[in-house]
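Please treat every number below as a calculation from the coordinates, not as lab data. Every value quoted in this text rests on a predicted model; they were computed, and no experiment measured them. As a convention, Cβ positions derive from the backbone with ideal geometry for all residues, glycine included, and neighbour counts pool all protein chains shown.
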Amino acid sequence: MKQKLSKKQVQELVWGFVYEFRDVVVSELGKKIDFIIIYGSAVRREFVPGKSDVDIVFQIFKESDRKPVEKFATELFWKTAKKYPDLQFEESLSVSKVKKRTPFTKFMEKLEQSSFLYVPVFVFTEGEIDWKNGELHSDNPLIKLGQNLLIPQRSVFLRFKQEGEVLYGRDIRKSIDIKLTIMDRLRLGAAPQLLSLIGFLVSLLAPKKGLGYAVKSLLYQIDSLLTALSEYQKMEHHKKIEENERILLQEFTQRLEKLIKLRLDYRKGALRPSDFRLFHRAIQIKWGELKLTYFQIMWFCLKANWFIVRSNVRAIIYLFIKSK
């Protein structure tokens with residue numbers, strides 16, 4: 001029986017893949033590429049085989065090079081991935097050609113591809129993205145929906161500055177100068193909230209897929225809350241959970257006490273310390289350390305949505321009190 005890789009070995013392996021992929025791309029296409037940057041779970045050293053993708057963004061100089069670069073990079077990605085079977089990209093990416101799908105999961109993965117979820121590489125041309133102000137100019141209706149109604153695009157590009165790593169070319173992070181508006185902060189919880197609701201609905205027909213959405217929504221929520229509260233920085237998940245708990249329970253209660261002039265107990269109320277255990281369960285599920293039955297999956301998805309709703313309401317109240 002093949003020995004399971006440790007979490008440290010997994011992170012070393014994924015970066016071995018990234019560097020090998022990068023080196024070939026640069027040697028073949030370097031003159032056409034402005035820069036390559038990576039962000040997400042690989043950068044945070046949280047990559048999980050069969051669950052995570054690698055978020056690699058190319059910016060090229062000419063629109064005419066887009067399709068050739070995208071085609072070469074995608075083919076190279078899968079060719080390189082064959083040398084790293086333990087990373088299980090065939091299981092995690094929506095464009096996988098070998099993964100078994102039902103008609104319903106096939107439909108969901110088409111939506112993922114349209115929304116730039118679980119795809120090998122992203123290729124943009126110079127000028128398509130306003131990196132300084134954090135704006136993507138796109139005619140894709142799903143992207144427009146996301147940037148206008150769901151997670152504000154400025155927060156996404158702010159994440160590039162906070163945790164992105166440049167793999168090749170100029171350091172675009174130096175150009176990013178984004179200030180989140182109060183509306184940006186208020187909308188940050190919308191994407192995790194919608195994703196968790198979709199997770200519950202999908203779990204009725206495709207439990208594994210629905211559970212994946214619910215887990216992702218909770219992990220998104222960790223970052224969204226910290227970003228909304230101006231406390232985000234690159235750190236391990238357990239530290240993010242502790243920081244969320246501190247702000248939304250202890251600090252929230254202290255500020256509320258000063259406002260209403262009453263003594264309160266942060267361990268009681270609509271949001272409690274025990275609620276944050278849900279984050280730890282999400283991480284265990286992602287790493288395959290916790291298995292759930294069909295009904296447990298539906299219950300977990302429902303709890304994820306209800307927690308996100310309550311924590312979003314708490315965050316909005318916190319921002320209001322903090323501004324006083």
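What to note about this one:
- Using the rule -39500 (n - 2.57) for each DSSP H run of four or more residues, divided by the residues of the chain, the 222 nm mean residue ellipticity is -17500 deg cm²/dmol.
- Within the chain, percent of DSSP bridges classed antiparallel, to nearest 5: 70 percent
- In order along region 288-305, the Karplus-derived 3J(HN,Hα) couplings, from 6.51 cos²θ - 1.76 cosθ + 1.60 at θ = phi - 60°, round to x, 8, 9, 10, 10, 7, 4, 6, 5, 5, 4, 5, 5, 4, 5, 5, 4, 5 Hz, and Gly and Pro are given as x.
- Listing D177, D53, D34, D265 from fewest to most neighbouring C-beta atoms within 10 Å gives D265, D177, D34, D53.
- Once the convex hull of all Cα atoms in region 259-324 is built, its volume per residue stands at 93 Å³.
- Exposed GluC sites (Glu not before Pro) absent: longest stretch of the chain, with sites in DSSP loops and at most 13 other Cβ within 10 Å deemed exposed: 1-125
- Charge tally around I56: other residues with Cβ under 11 Å, Lys/Arg +1 each, Asp/Glu -1 each, net -2.
- Compactness check for region 170-235: Cα Rg over 2.2 N^0.38 Å is 1.39.
- Loop sites in region 1-66: trypsin sites (Lys or Arg not before Pro), DSSP, at most 14 other Cβ within 10 Å: K2, K4, K62
- Amide H contacts of E135 (H built 1.01 Å from N, under 5 Å, at least 5 apart or other chain): D130
- Global geometry of region 1-65, whether rounded, prolate or oblate, following the gyration tensor of its Cα atoms and the 1.5 cut on a/c: prolate
- Mean separation of Cα contacts under 8 Å, 6 or more apart, over the residue count of region 180-324: relative contact order %: 35 percent
- Per-selection Rg to Rh, the chain - Cα, Kirkwood hydrodynamic radius: 0.97
- Between amide H atoms placed 1.01 Å from N, distances below 5 Å from I56 occur with F122, all of them 5 or more places distant or on a separate chain.
- Value of Rg to Rh for region 180-324 (Rh from inverse mean 1/r over Cα pairs, i.e. Kirkwood): 0.99
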